[in-house]
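First comes the structure, then the notes that go with it.
The values are calculated or read from the model by the stated rules, or taken from the named source; none is laboratory data. Worth saying up front: this structure is predicted, and the values here are computed from it rather than measured. Cβ: placed from backbone, ideal geometry, glycine included. Neighbour counts: every protein chain shown. For accessibility, only protein heavy atoms count, side chains too; no ligands or nucleic acids. Shrake-Rupley method; radii C 1.70, N 1.55, O 1.52, S 1.80 Å.
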Amino acid sequence: MREFAYTAPATLGQAVEALAHGGSGTRVLAGGTTLYDLMKLGVERPRALVDVRALPELAGFDTSGPDELVFGAGARMADVAEDPVLLRDYPALAESLAKAASPQLRHMATLGGNLLQRTRCPYFRAGPPYPCGKRVPGSGCAARHGPDRSQAVLGTSASCTAAYPGDWAVALLAFDARLDLLGPAGPRTIALSGLHRVPGSTPQYEHTLADGELIVRIRVPVTAAGRGSTYHKVRDRESFAFALASAAAAVALDDRGTVVDCRIALGGLATRPWRVPAAERSLLGSALTGESARRAGEIALTGARPGTHNGFKTELGVRTVAEALRVAAGRWTR
């Protein structure tokens, strides 16, 4: 049993102060579904936990605004997944939450914590004797020479091929979400697209949050394309598993069936949530057909670099995008 300090601040300001004073060994405790898991595996060995679960500034969500949807970082995934507005007008967002984990986990996990979920790469989780640059910077990547069926094919590097495991961030990326942050330097807002890093030569750095910085809320611009959307997730077990490939797709069509808006983001295939603007542009101004949807999928997987055992992911990704577009277009209503 490793000892660690524990504090439960009463305000957001106190939480930021505790994080700033705690140093690099301090971790935020939100739902705890990933942190506790990694502590048991020895991946995470925090000196201190700052428990933000009771902070009122992080709780709740509001999907009734005329310009944006607002989600507190501490809102529970299960609560948001069942929101009637989301189910009707943004099914991709609701589905990304509903398909993300077992019901038990979704009732504990928070929206903000889920964005920072760490990879399920088996070498990262197993530890020695397997080298992993995320655990020990500069040590290498065991997946480069070992079984790599679940590894990413996009955004990889010689140092890391670990796939980003989340679903919620993938759907948010398709809808141009933004994050309100608070840290020792004060508040700031960033695009969700700027949160996650590709591994490059420093896979130990997974996000762009500053030391002591918290995600306070998530904001999603209102868009009609939300009604024509879906989150399609392909996994080994339908009951619950991490994505082998997933796609968040949203489309809006005019009276003649021409695509006037299109958003596509990929999960399970890349080292971070992966938006594919070239694939989106390929569909604008034309009708969505089986052929054009597959072509968009092929464009989305351009640059894929499979390893030894995950070559199937390229074709799987193409088909996942095409199927997501088909479902999204079928749901579109004005």
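At a glance:
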| quantity | calculated |
| --- | --- |
| Carbon plus sulfur fraction of accessible area for the range 1-143, probe 1.4 Å, in percent | 55 |
| Computed magnitude of the charge dipole of the chain (debye, nearest 20; Cβ of K, R +1, Cβ of D, E -1) | 960 |
| Nearby lysines by direct alpha-carbon distance to Lys40 (threshold 29 angstrom, same-chain neighbours under 8 apart not counted) | Lys99, Lys134, Lys233 |
| Order of exposure, largest accessible area first, which applies to Glu206, Glu323, Glu17 with probe 1.4 Å | Glu17, Glu323, Glu206 |
| For the range 98-177, radius of gyration divided by Kirkwood radius, i.e. Rg to Rh on alpha-carbons | 1.02 |
| Surface share of carbon and sulfur [accessible, 1.4 angstrom probe, percent] for the range 217-307 | 50 |
| Gain on full stretching of the segment that runs from Gln14 to Ala59 - 0.36 nm per residue minus C-alpha separation | 14.6 nm |
| For Leu253, distant residues with modelled amide H under 5 Å away | Val260 |
| Solvent-accessible area of Trp274 with every protein chain in place, 1.4 Å probe, in Å² to the nearest 10 | 60 |
| Theoretical FRET efficiency, 1/(1+(r/R0)^6), r = Cβ-Cβ of Arg45 and Val222, R0 51 Å, to 0.05 | 0.75 |
| Relative contact order %, the range 203-334, counting alpha carbon pairs below 8 Å whose residues are six or more apart | 27 |
| Estimated inter-spin distance, Tyr205 and His21, nm [label 7 Å along Cα→Cβ] | 2.8 |
| Heavy-atom surface of the chain, accessible at 1.4 Å and reported per residue (Å²) | 44 |
| Probe 1.4 Å - accessible area at Thr314, Å² to nearest ten | 40 |
| Phi-based couplings in Hz for the range 202-209 (Karplus 6.51, -1.76, 1.60; Gly and Pro marked x) | 10, x, 5, 9, 9, 8, 9, 5 |
| Normalised convex hull volume, the chain, alpha-carbon set, Å³ per residue | 127 |
| Solvent-accessible ranking of Met77, Met1, Met39, largest area first, probe 1.4 Å | Met1, Met39, Met77 |
| Stretchable slack from Asp254 to Arg281, in nm (0.36 nm times residue separation minus alpha-carbon distance) | 8.1 nm |
| Residues whose placed amide H lies under 5 Å from that of Phe61, excluding near-sequence neighbours | Gly72 |
| Separation of the His309 and Ala185 label points, Cα + 7 Å toward Cβ, nm | 4.2 |
| Probe 1.4 Å, all protein chains present, accessible-area order of Lys233, Lys99, Lys134, Lys40, largest first | Lys40, Lys99, Lys134, Lys233 |
| FRET efficiency estimate (nearest 0.05) - Cβ-Cβ, Glu3 to Arg331, R0 35 angstrom | 0.10 |
| Rounded accessible area of Thr308 (nearest 10 Å², 1.4 Å probe) | 100 |
